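Accompanying notes for the structure given below.
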Amino acid sequence: MKKTKRYFILFLSLVMLLSTVNVFAVRHKERDIALNGIIVNDHIVYSDVYPYIKNSRTYVPIRFIAEELGYDVKWDGANKKVTMTSDGTKVELTIGSNKMMVNGKAVLLDAPAEIRDDRTFVPLRAIAEAFGEKVDYSSDYRAVYIGDNPKYNAFYKVVYYYEKKETVISEYTINIATYKMDVNGNVTRFGSIKELVNVVYDDFYDYGVSGVSKYGVTTYKTQYIQPKEEVKYVKAPKTNVAKEKQLKDEYYVVSTDDILVGSWYGPGGYNDYDNGVTYPTDRYTYITSLGNGRYKLTNRVILGSDKNSEYFTEQYGYYDKNKNALVVEKSHSTYGEKGYFEGMNSESLAGEYYLENSYTKLSWKKVGSSYYMDKY
């Protein structure tokens with residue numbers, strides 16, 4: 001079987017050399033991976049071109065960071081300039097320049113953007129931190145974690161970015177700290193982290209060439225783009241949110257034609273598992289569009305019995321047109337804990353919000369749920 005595979009790969013290589021169309025670029029004869037993975041949005045993210053470390057700085061292909069973190073990217077080929085925007089932040093980089101512009105202000109870089117293997121690479125930490133993300137590097141695991149509370153010893157699905165193919169996500173999970181892979185509950189431990197990562201890369205390589213994965217992959221659903229004709233423009237009825245509950249703070253988002261973008265409020269509950277008690281809360285969720293069918297949710301949770309006790313979380317989601325629901329991932333960030341919530345390590349759960357009431361109500365987990373939010 002191995003011999004057949006070698007002949008197949010050799011044949012494919014000859015076809016690629018003779019063809020004027022590069023259908024799938026093998027960037028390196030020998031795999032030399034500087035990182036064992038970048039953990040972001042509760043996934044480990046890889047690409048068909050490897051991130052690399054130069055002058056102690058991690059470089060990643062721009063599509064990799066832009067799509068995964070929801071940045072809008074524009075490329076000015078004449079001036080070799082990249083412009084990224086997200087949530088009111090604008091970052092501009094020029095290839096080879098040690099100066100980055102953040103909302104019009106110059107920031108000096110010791111790792112300027114550059115072109116390698118015909119791809120634009122950008123310094124990961126500088127870009128992520130410019131957009132307010134926290135970045136941690138673990139020398140023990142040779143991996144990067146984007147977000148609060150770095151956690152490397154955990155099982156994550158793998159998101160894989162190709163150059164000219166759809167982004168895919170594994171149906172299995174891997175743990176880079178224990179060298180384990182979990183496929184439908186069947187756990188395999190590899191001899192080293194290098195062996196595990198090579199198996200994962202080989203699987204995505206095979207899928208890119210033949211469309212077949214040994215362990216199972218599927219389309220990365222957060223890349224779903226809702227066709228314009230499916231966007232429903234409706235005149236929202238009068239809000240059901242009482243005026244005294246309509247919190248117009250600095251996070252407030254004005255509604256747009258997008259049925260999900262805007263500010264939402266609803267009654268909630270905070271589970272104190274240690275004492276077996278659920279405390280009533282007021283929950284405010286501010287939803288913005290990241291493009292490509294993806295959304296960012298900023299959640300503000302306030303204790304009903306003490307308005308000075310609150311915390312914030314951020315999470316990502318996508319609209320599932322078949323379910324008519326907003327599917328959200330577990331929060332990647334928690335901050336601003338005060339009062340009762342201080343030191344509690346609160347988080348927002350993964351799940352689904354179903355749209356109701358002419359698209360002005362989001363019901364948690366099921367239609368007609370007692371946990372819901374109304375747009376205001």
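The values are calculated or read from the model by the stated rules, or taken from the named source; none is laboratory data. Computed from a predicted model, the values in this text were never measured in an experiment. All Cβ positions, glycine included, derive from the backbone under ideal geometry; neighbour counts span all protein chains shown. The area values use the complete protein model at the heavy-atom level, side chains included, leaving out ligands, DNA and RNA. Shrake-Rupley method; radii C 1.70, N 1.55, O 1.52, S 1.80 Å.
Selection within region 115-154: residues that are among the basic types (Lys, Arg) and either touching a Cys at 6+ places or on another chain (Cβ under 6 Å) or not in a strand (DSSP E or B) (or both). The member of this set that is nearest to Leu93 (Cα to Cα) is Arg125.
Scanning region 49-85 for residues that are touching a residue at least 40 places away in the same chain (Cβ under 8 Å), at positive phi and in contact with a strand residue (DSSP E or B) (Cβ under 9 Å, 6 or more places away or on another chain) yields a total of 1.
Contact map, region 143-160: first residue more than 17 Å from Val200 (Cα to Cα), second residue among the hydroxyl-bearing types (Ser, Thr, Tyr) and modelled with pLDDT under 90, Cβ cut-off under 9 Å, separation 6 or more or different chains; pairs are Val144/Thr58; Gly147/Ser333; Asp148/Ser333; Asn149/Ser333. Out of the residues in region 161-176 that are assigned to a loop (DSSP other than H, G, I, E, B) and of a type outside the set (Ser, Thr, Tyr), state the one that is nearest to Tyr220 (Cα to Cα). Going through the qualifying residues, I end up with Glu166.
When each of Thr278, Thr298 is tested for being assigned to a strand (DSSP E or B) and either farther than 23 Å from Tyr376 by Cβ or of a type in the set (A, V, I, L, M, F, W, C) (or both), the lone residue that passes is Thr278.
If you go through region 42-100 and keep only what is in a loop (DSSP other than H, G, I, E, B), touching a Phe, Trp or Tyr at 6+ places or on another chain (Cβ under 8 Å) and open to solvent by 70 Å² or more (accessible area, probe 1.4 Å), you end up with just Asp87. For region 217-232, indicate whether the set of residues that are touching a Phe, Trp or Tyr at 6+ places or on another chain (Cβ under 9 Å), modelled with pLDDT of 90 or more and not in a strand (DSSP E or B) is non-empty. Scanning region 217-232 turns up no residue that is touching a Phe, Trp or Tyr at 6+ places or on another chain (Cβ under 9 Å), modelled with pLDDT of 90 or more and not in a strand (DSSP E or B).
Note on region 303-376: enclosed strands (runs of 3 or more DSSP E) holding 2 or more residues that are open to solvent by 20 Å² or more (accessible area, probe 1.4 Å) and of a type outside the set (Phe, Trp, Tyr) are 306-320, 333-338, 351-356.
Just so you know, in region 240-297 the residues that are modelled with pLDDT under 85 and hydroxyl-bearing (Ser, Thr, Tyr) include one that is most open to solvent (accessible area, probe 1.4 Å), and it is Tyr273.
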